[in-house]
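In what follows, a single structure is set out as structure tokens and then discussed.
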Amino acid sequence: MGNPLAASKPSMTNVYRRQKLKRLVRNRWLYIMLLPGLLYFIIFKYVPMYGVLLAFKNYQPFLGFVDSEWVGMKHFDRFFGDPLFWRLLKNTFVLAAYNILFFFPLPIILALLLNELRSQTYKKWIQTMVYIPHFMSWVVIVSIAYLFFTTEGGLINEAIASMGGEKIQFLLSPGWFRTFITGEVMWKETGWGTIIFLAALAGVDTQQYEAARIDGAGRMRQLWHITLPAIRSTIVILLILRLGNFLDTGFEQIWLMLNPLNREVGEVFDTYVYATGISQGEYSYSTAVGLFKSVVGLVLVFGSNFLAKRFGEEGIL
């Protein structure tokens, strides 16, 4: 006698296939909507990864990508042996640390403050006002900074001079450079960063607040024991993603703020890659520098995700 279970396996497989096909047809519009985003990542994120091989070649335009000579780790040895490497590493890490310490908490704080507003009209008006800077380009943001802080007719320096003080070289001083970079990021992106946190706060069960008020809990205790735990997983995930872009300090903003007097503290990996790769035509060398930065970001993502799971959070992987 044959095995009835073995005979039923092909038929069960066909049933599963038909069910998957039905689900695919039923949700076809969702997959069609997914297609543009998927194509974007394939074309602009994954296909260009083939160009990473430039970091291990001595690329010559007249020879082409394929026929250029393989040089192995030569460009990495040159980069790590250059005294400029440590200055770039220090400047990039300091600016990235400033963004984590001073910018990252601000959207959380602002979202918590907006969540406490009872007037929906006033809340929406505030949200609109703090979202506007996000839609300005860095050229506009830096131009506004120049109008306020330049020594030639700048509003702040003119006010200092009118009170009998001496004008300050804000934009040329190395000591003020990191403050300006971080401050501009805070002003431009804080409002936009509240969107995700406000969405997370909207999902908190209001009955928890009512029960807390009945038990005599004030605003601060409700915030500490209900609100913050409700958005803790969101904070952790966004922090992990932020650490993945830890060394991405922003090319355009820093390039616009750089000048010969503050370059000592302002030169970072992004501006260095542009200067060596585009301006000087050292494509392979600049690719090696960019690859190093990407590898550091990858290590930070995996490391922070591991620590998040060790402390009981979900993480992203």
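The values are calculated or read from the model by the stated rules, or taken from the named source; none is laboratory data. The structure displayed is predicted, hence computed values, not measured ones. A quick note on method: Cβ atoms are made from the backbone with ideal geometry, for glycine too, and the neighbour counts reach across all protein chains shown. Ligands, DNA and RNA are excluded from the accessible area calculation, which covers all protein heavy atoms including side chains. Shrake-Rupley method; radii C 1.70, N 1.55, O 1.52, S 1.80 Å.
Per-residue answers, yes or no, for (1) farther than 28 Å from Ile108 by Cα; (2) in contact with a helix residue (DSSP H, G or I) (Cβ under 6 Å, 6 or more places away or on another chain); (3) not polar (S, T, N, Q):
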{"site": "Ala159", "(1), (2), (3)": "yes, no, yes"}
{"site": "Ile168", "(1), (2), (3)": "yes, no, yes"}
{"site": "Thr179", "(1), (2), (3)": "no, no, no"}
{"site": "Phe197", "(1), (2), (3)": "no, yes, yes"}
{"site": "Asp205", "(1), (2), (3)": "no, no, yes"}
{"site": "Ile237", "(1), (2), (3)": "no, no, yes"}
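Within region 63-75, residues that are farther than 19 Å from Val273 by Cα have Cβ atoms under 6 Å from residues that are exposed (fewer than 14 other Cβ atoms within 10 Å of the Cβ) in these pairs: Ser68/Gln60, counting only partners at least 6 apart in sequence or on another chain. Restricting to region 147-183, what's the tally of residues that are open to solvent by 40 Å² or more (accessible area, probe 1.4 Å), of a type in the set (Ser, Thr, Tyr) and at pLDDT 90 or above? Adding up the residues that qualify gives 1. Within region 37-62, the set of residues being among the polar types (S, T, N, Q) and either within 28 Å of the chain's Cα centre (by Cα) or assigned to a strand (DSSP E or B) (or both) comprises just one member, Asn58. Among the helices (runs of 4 or more DSSP H) confined to region 162-246, the ones with at least 3 residues that are farther than 30 Å from Val94 by Cα are located at 174-202, 206-214, 219-222. Highlighted here are the helices (runs of 4 or more DSSP H) found entirely within region 63-144 that include at least 1 residues which are in contact with a Ser or Thr (Cβ under 7 Å, 6 or more places away or on another chain) and either open to solvent by 80 Å² or more (accessible area, probe 1.4 Å) or closer than 30 Å to Trp192 by Cβ (or both): 84-98, 105-115, 120-131. Listed conditions (1) in a helix (DSSP H, G or I); (2) among the hydroxyl-bearing types (Ser, Thr, Tyr); (3) at pLDDT below 85 are all met by Thr249, apart from (1).
Taking residues in region 255-280 that are surrounded by 15 or more Cβ atoms within 10 Å (Cβ to Cβ), and partners anywhere that are modelled with pLDDT of 90 or more and assigned to a loop (DSSP other than H, G, I, E, B), the pairs with Cβ atoms closer than 7 Å and at least 6 places apart or on different chains are Gly266/Leu258; Thr271/Leu258.
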